[in-house]
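The values are calculated or read from the model by the stated rules, or taken from the named source; none is laboratory data. Fair warning: this is a prediction, and the values are worked out from it, not measured in the lab. Positions of Cβ are backbone-derived with ideal geometry, glycine not excepted, and every protein chain shown enters the neighbour counts. SASA here: full protein model, heavy atoms, side chains in, ligands and nucleic acids out. Shrake-Rupley method; radii C 1.70, N 1.55, O 1.52, S 1.80 Å.
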Amino acid sequence: MRHTRLMALFTCIALVAMLALSNVAVAQTKGMIGINVLLKTDVTQAILTDLGTHGTVRDVVAEIKAVTMQAKASELAVIQALPYVATANPDAVRNGAPVDEVAVDDFKNGLSTWDMDAINVTDFGFNNRQVAQDGTGVYVAVLDTGLLDNWRVYFPEESIATEYAVCFGGGGGEKGNVSSPTNKWEHDNNSHGTHVTSTILGYSLGGTPINGVAPMAKIIPVKVLNQNGSGWSSVVARGIKYVGDLKAGALKDFPVVINMSLGGPKLDIMEKAAIDYAISKGVIIVASAGNEGAAGMGYPGAYAPVISVAASGWVGEWRPAGNRSWWYNLNVAEPTNPTQFYITDFSSRRLAGQDLDVAAPGSWCVGPYQLNSGSSSDSISYYFLGGTSMASPHVAGIVALMAQKYPGLTAADAETILETSAITLAPDSRTVYNPDGTSTIVSWGADATGAGLATADAALAGTP
């Protein structure tokens, strides 16, 4: 993640570093690459046998007519030309990031933070939710790095749908087979997925409840990124398809939302097919726009059926100078004034053929984040993170509130309501402040904002 901001909270708050999740090179073993293949027809043994003459078939996802392979790079064009192949591409890189129990049942009466205030979920102080909905009855699948070993320090155990939690690993670009190691979803040492989850649910800050967008939703951790916060589109596709199957089966009577705070520069065919499959089953998918600025959006966020989210910030950050507690002790004024917000410099701008929908807070968002994977309560820590990875779960949480109000909500309906109710952020510039008291002028154009700032109250007002 480019330009990601980190901030540790102990007895005082001190800026420590910028977190960078850089793109990793496509793994190769003796000249072999991972190839994702989408077929024109159903998968048959004859097709698998023929594909086997061009490489090694590693995984079959019959529901979306997809196959993953390992083969020589020179075989890609040959495979693409096979009469039963619709298209094929190299497996694409995707980047993101003992039991202790939380002593409260939920965080809906917890402390407001600037980002919850900015999207009008809460107002200043404790016990101050501004919307009637809290996510009850809605499942949100977080496709990410999984959860830390000590996740129960941060979240109520009943808020995590452990019966559906899963890990997918491997991938055509790595070792080939997509595997599903038991319980690895709760042994993450990256922390990215835990921080993302905290935006949706809220979290315990050393015993103080912090409000979340949808604190009564059920989170399904789906680990699709490795311990370095990166992975492969074939594995992400497996995770998306898994959630689609849940919606078609065990969760058919519940709204289901996916959050993907991850992405890469190209739309992968297998990932696209999995998205289409999940949406056809009734899943609503939200994803980060990417952190590449003018270089353009990441995928799957830029794919039109996905609700994509840019990163916005607030001009009250780090004001007044030296105020280390601004993130919870400053009130974002109502009614929402667009001149109080900006689009971050790292947030990906929309290029031709890409679809950017809305913006949400993605600058200086506090949540659980550990630099080591200790499993005890002694290792707990909290950081500011900045990125569209942080913006996406704000909108996924809003969608959960919308789906609670109207369980029949579709992906297309959700996107339309969010866009029509968003607060326009016209092209402009703002002076923003840093922890050391310095300031920076941030500018953006129409390609950076989508429809504007998403807010929960406006989105719910537009929901049937």
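PRO361: surrounded by fewer than 20 Cβ atoms within 10 Å (Cβ to Cβ) and not charged (D, E, K, R), yes or no?
Numbers: surrounded by fewer than 20 Cβ atoms within 10 Å (Cβ to Cβ): no; not charged (D, E, K, R): yes.
When the stated conditions are applied, PRO361 does not pass them.
Can we say PHE168 is open to solvent by 10 Å² or more (accessible area, probe 1.4 Å) and in contact with a strand residue (DSSP E or B) (Cβ under 6 Å, 6 or more places away or on another chain)?
Details: open to solvent by 10 Å² or more (accessible area, probe 1.4 Å): yes; in contact with a strand residue (DSSP E or B) (Cβ under 6 Å, 6 or more places away or on another chain): yes.
Considered against the rule, which asks whether it is open to solvent by 10 Å² or more (accessible area, probe 1.4 Å) and in contact with a strand residue (DSSP E or B) (Cβ under 6 Å, 6 or more places away or on another chain), PHE168 comes out as yes.
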Residue in the range 86-109 that is modelled with the highest pLDDT, counting only those that are closer than 14 Å to ASN36 by Cα and out of contact with any helix residue (DSSP H, G or I) (no Cβ under 6 Å at 6 or more places or on another chain): ALA86
Test: ALA391 is within 30 Å of ALA321 (Cβ to Cβ), in a helix (DSSP H, G or I) and aliphatic (A, V, I, L, M): yes
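Where residues in the range 179-237 are assigned to a strand (DSSP E or B) and among the aliphatic types (A, V, I, L, M), which of them is farthest from the chain's Cα centre (by Cα)? Can you show your working first?
To start, the set of residues in the range 179-237 that are assigned to a strand (DSSP E or B) comprises 179, 188, 203-205, 208-210, 218-223, 230-232.
In the following step, the residues that additionally are among the aliphatic types (A, V, I, L, M) were identified as 205, 210, 219-220, 222.
On the way: LEU205: 22, ILE210: 20, ILE219: 13, ILE220: 13, VAL222: 11 Å.
Among those residues, the one meeting the criterion is LEU205.
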Selected residue (only one of ALA456, ALA446 is open to solvent by less than 30 Å² (accessible area, probe 1.4 Å) and not acidic (Asp, Glu)): ALA456
Residue within the range 369-377 that is open to solvent by 10 Å² or more (accessible area, probe 1.4 Å), at pLDDT below 95 and assigned to a helix (DSSP H, G or I) present: yes
Scope the range 420-443; condition open to solvent by 60 Å² or more (accessible area, probe 1.4 Å) and part of a helix (DSSP H, G or I); matching residues: THR420
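Taking GLU157, is it out of contact with any Ser or Thr (no Cβ under 9 Å at 6 or more places or on another chain) and either of a type in the set (D, E, K, R) or over 27 Å from LEU453 (Cβ atoms) (or both)?
On the way: out of contact with any Ser or Thr (no Cβ under 9 Å at 6 or more places or on another chain): yes; either of a type in the set (D, E, K, R) or over 27 Å from LEU453 (Cβ atoms) (or both): yes.
The answer is yes for GLU157.
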Filter result (aliphatic (A, V, I, L, M), under 30 Å from GLY408 (Cβ atoms) and more than 14 Å from the chain's Cα centre (by Cα)) within the range 298-326: ALA304
Search result, residues across the range 39-53 that are in a helix (DSSP H, G or I) and under 17 Å from SER74 (Cα atoms): ASP50, LEU51
Any hit, the range 275-290, residues being open to solvent by 10 Å² or more (accessible area, probe 1.4 Å) and either in contact with a Leu (Cβ under 6 Å, 6 or more places away or on another chain) or within 24 Å of SER198 (Cα to Cα) (or both): yes
Near pairs, Cβ below 9 angstrom, 6+ apart or cross-chain, from the range 396-415 (within 16 Å of ASN259 (Cβ to Cβ)) to any residue that is assigned to a helix (DSSP H, G or I) and open to solvent by 50 Å² or more (accessible area, probe 1.4 Å): MET402/ASP413
Complete set of residues in the range 331-347 that are surrounded by 15 or more Cβ atoms within 10 Å (Cβ to Cβ) and either modelled with pLDDT under 95 or assigned to a loop (DSSP other than H, G, I, E, B) (or both): VAL332, THR336, THR344, ASP345, PHE346, SER347
Close pairs from the range 302-329: first modelled with pLDDT of 95 or more and assigned to a strand (DSSP E or B), partner of a type in the set (S, T, N, Q) and surrounded by fewer than 22 Cβ atoms within 10 Å (Cβ to Cβ), Cβ under 8 Å, at least 6 apart: TRP314/GLN340
Members of the range 54-90 that are over 20 Å from LYS272 (Cα atoms), open to solvent by 60 Å² or more (accessible area, probe 1.4 Å) and in a strand (DSSP E or B): THR56, LYS72
Subset of the range 233-264 [open to solvent by 10 Å² or more (accessible area, probe 1.4 Å) and touching an Asp or Glu at 6+ places or on another chain (Cβ under 7 Å)]: LYS241
The range 203-227 - residue that is out of contact with any Ser or Thr (no Cβ under 9 Å at 6 or more places or on another chain) and more than 27 Å from ASP245 (Cα to Cα) and, of those, least open to solvent (accessible area, probe 1.4 Å): SER204
Any chance ARG350 is of a type in the set (D, E, K, R), at pLDDT 95 or above, open to solvent by 10 Å² or more (accessible area, probe 1.4 Å) and assigned to a strand (DSSP E or B): no
Matching option when the condition is surrounded by 16 or more Cβ atoms within 10 Å (Cβ to Cβ), among the aliphatic types (A, V, I, L, M) and more than 27 Å from SER325 (Cβ to Cβ), among LEU148, LEU143, LEU111: LEU143
